[in-house]
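Enquirer: Dumping the structure here so I can ask a few things about it.
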Amino acid sequence: MQKRTLGSGGLEVSAIGLGCMGMSMAYGTRDDDESIRTLLRALDLGVTFIDTADMYGNGHNEELVGRAIAGRRDEVVVATKFGNRRMAPDGRKIDGRPEYCMSACEASLERLAVDVIDLYYLHRVDPQVPIEETVGAMAALVEQGKVRHLGLSEAGAETLLRAAAVHPITALQTEYSLWTRDVEEETLPLCRELGIGFVPYAPLGRGFLTATIDADSLAEGDRRREHPRFFDENMTQNRTLLATLEAIATANECTPAQVALAWLLDGGEDVVPIPGTKRRDYLEQNVAALDVALSDTQRAELEEVFYPGVTAGTRYPEQQMGSLGR
């Protein structure tokens, strides 16, 4: 397995990670047994970078990851997140208060059954709490030996600068894929200026870039039904983007998903995508994307079709868009 390094602090991870959210929520029914088999297969393949969060399944996902890595802790870089209180009594709530940071970390450590979290993210930036206070509390966790590295998720450029002035930030996690390229304008260059690694989530466009998804194929309860990009009127336009992706996949004797991941992986040694899956066959296909070599011409063709802003529909429902890029 190829390795990459996130941040100036030298956090070494596998060149591709595993996002675990879908094992507990959002994309159909749970299958804990298959999810654990997938996690174990990931470790067997050398995928060391495992991404979870306390809100995924209201703690279920951290417990699941903890069960899977028991006995293999030294093979894993565990990343988890706090601050996105989806199940709070007053509805969805973002909480970056220092006291909540401390209690959330303790709860995550217990669910994961580990002594230390390798990479601890603020899941969303709390507009009610100065980022200096939140990162200050996270830095205290590093001093206490409960956390090794700090990260932010979906933070804006100004916030990133202010956070990095308090404590080194190892990674920024933000949505990034062929159909979500807005980070290239400001966020990704700033990460490189500051020595911060970049972790793209939803690198397959929540399945769209597999070229197998349409609105009719989504099961009842699938969270993508709430995402404007998957609405019928937008999918009609978005599907027109896939012809070039599929043609390049055919030329390279691989899948469209592997082409999409190869494009991201070619973007820099500081980029570590975390495609999510709860199935071993998809995991193995994702890892095999490391062997796909795109030509300069193919990259140019993809970027010409999937230019920034081409995708129809916002990437989250309107009520969630305000929490991004703060």
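The values are calculated or read from the model by the stated rules, or taken from the named source; none is laboratory data. What you see is a predicted model; the values in this text were computed from it and never measured. We place every Cβ from the backbone using ideal geometry, glycine too, and count neighbours over all the protein chains shown. Heavy atoms of the whole protein, side chains included, go into the accessibility calculation; ligands, DNA and RNA do not. Shrake-Rupley method; radii C 1.70, N 1.55, O 1.52, S 1.80 Å.
Enquirer: Just to confirm my numbers, what's the Cα centroid distance between the range 237-303 and the range 182-208 in Å?
Expert: Measuring centre to centre over Cα atoms gives 16 Å.
Enquirer: Here's a follow-up. Let me make sure I get this right: for the range 1-128, a, b and c are the square roots of the gyration tensor eigenvalues over alpha carbons, sorted descending. Under 1.5 in a/c it's rounded, otherwise prolate if a/b > b/c, else oblate. Which is it?
Expert: Details: a/c = 1.88, a/b = 1.31, b/c = 1.43.
Taking the square roots of the gyration eigenvalues as a ≥ b ≥ c, the range 1-128 is oblate.
Enquirer: Apply the Debye scattering formula to the chain, with a single equal point scatterer on each alpha-carbon and no solvent, then give log10 I(q)/I(0) at q = 0.15 Å⁻¹.
Expert: The computed values of log10 I(q)/I(0) come out as -1.31.
Enquirer: Considering only G267, Y282, T250, whose Cα is most displaced toward the positive end of the charge dipole of the range 187-285, charges sitting on Cβ of Lys, Arg (+1) and Asp, Glu (-1)?
Expert: Y282
Enquirer: With a 10 Å cut-off between alpha carbons and a GNM built on the chain, which of Y282, Y120, Y56 moves the most?
Expert: Per the Cα network of the chain with a 10 Å cutoff, Y282 tops the list.
Enquirer: Calculate how steeply helix 32-44 sits against the longest principal axis of the alpha-carbon atoms of the chain, using the helix alpha-carbon long axis, and give the answer as 0 to 90 degrees to the nearest 10.
Expert: Helix 32-44 and the main axis of the chain meet at about 90 degrees.
Enquirer: How far apart, in nanometres, would the label points at D33 and A157 be if each is projected 7 angstrom from Cα along the Cα-to-Cβ direction?
Expert: 5.2 nm
Enquirer: Could I have the simple spin-label model distance between E185 and Y307, label points 7 Å from Cα toward Cβ, reported in nm to one decimal?
Expert: Those two pseudo-labels are separated by 1.4 nm.
Enquirer: Something else about it: Mind telling me which of R181, R72, R225 comes out most flexible in a GNM of the chain, alpha-carbon contacts under 10 Å?
Expert: For the chain, modelled as a Gaussian network with Cα springs under 10 Å, the answer is R72.
Enquirer: Give the dimensionless ratio obtained when the Cα radius of gyration of the range 164-246 is divided by 2.2 N^0.38 Å. Write down the numbers at each step before the final one.
Expert: On the way: Rg = 15.9 Å, N = 83, 2.2 N^0.38 = 11.8 Å.
Output field value: 1.35.
Enquirer: Turning to a different aspect of this structure: Given a Förster radius of 25 Å and the C-beta distance between S295 and S217 as r, what FRET efficiency does 1/(1 + (r/R0)^6) yield to the nearest 0.05?
Expert: According to the calculation, E is roughly 0.20.
Enquirer: Probe radius 1.4 Å, ligands and nucleic acids left out: which of I94, I248 has the largest accessible area, and how do the rest follow? Intermediate values should be presented prior to the final figure.
Expert: Working: I94 35, I248 5 Å².
Ranking I94, I248 by accessible area, largest first, yields I94, I248.
Enquirer: How much area per residue is accessible in the range 56-172 when the probe is 1.4 Å and only protein heavy atoms are counted (Å²)?
Expert: Each residue of the range 56-172 exposes 39 Å² on average to a 1.4 Å probe.
Enquirer: Under 5 Å between amide H atoms, partner at least 5 residues away or on a different chain: which partners does N84 have, H built in plane at 1.01 Å?
Expert: Amide H neighbours of N84, under 5 Å, 5+ apart: D95, H123, R124.
Enquirer: I would also like to ask the following. Apply 1/(1 + (r/R0)^6) to the Cβ-Cβ distance of A107 and Q2, taking R0 = 35 Å, and write down the FRET efficiency to the nearest 0.05.
Expert: In this case the efficiency is close to 0.55.
Enquirer: Now, a different point. Would you kindly compute the Cα radius of gyration of the range 77-223 and its largest Cα-Cα separation (Dmax), both in Å?
Expert: 16.4, 50
Enquirer: Could you work out the Rg to Rh ratio of the range 240-290, with Rh taken as the Kirkwood radius (inverse of the mean 1/r over all Cα pairs)?
Expert: When Rh is taken as the Kirkwood radius, the ratio is 0.98.
Enquirer: Taking only DSSP H segments of four or more residues, each worth -39500 (n - 2.57), what value at 222 nm results for the chain once the sum is divided by all its residues, to the nearest 500 deg cm²/dmol?
Expert: Roughly -10500 deg cm²/dmol at 222 nm, from the helical runs in the chain.
Enquirer: Tabulate in residue order the Karplus-calculated ³J(HN,Hα) for the range 279-286, using 6.51 cos²θ - 1.76 cosθ + 1.60 with θ = phi - 60°, rounded to whole Hz; enter x for Gly and Pro.
Expert: Computed from phi, the couplings for the range 279-286 are 10, 5, 5, 5, 4, 5, 5, 5 Hz.
Enquirer: When a/c is below 1.5 the answer is rounded, else prolate if a/b is larger than b/c, else oblate, so apply that to the range 94-170 with a ≥ b ≥ c taken from the square roots of the Cα gyration tensor eigenvalues.
Expert: Details: a/c = 1.88, a/b = 1.53, b/c = 1.23.
Cα axes put the range 94-170 in the prolate bin.
Enquirer: Follow-up. State the answer as a single residue: which of Q320, P168, S103 lies farthest towards the positive end of the charge dipole of the chain, with beta carbon charges of +1 for Lys and Arg and -1 for Asp and Glu, about the Cα centre.
Expert: Going by the Cα projections, it comes out as S103.
Enquirer: Here is a further query. First compute the accessible area of the chain with a 1.4 Å probe, then give the percent of it belonging to carbon and sulfur atoms.
Expert: That fraction is 46 percent.
Enquirer: Additional query: By what distance, in whole Å, do the Cα atoms of the range 229-326 stretch along each of the three principal axes, largest value first?
Expert: 39, 27, 26
Enquirer: Moving on to the next point. If you place +1 on the Cβ of every Lys and Arg and -1 on the Cβ of every Asp and Glu, how big does the dipole about the Cα centre of the chain come out, in debye to the nearest 20?
Expert: 560 debye
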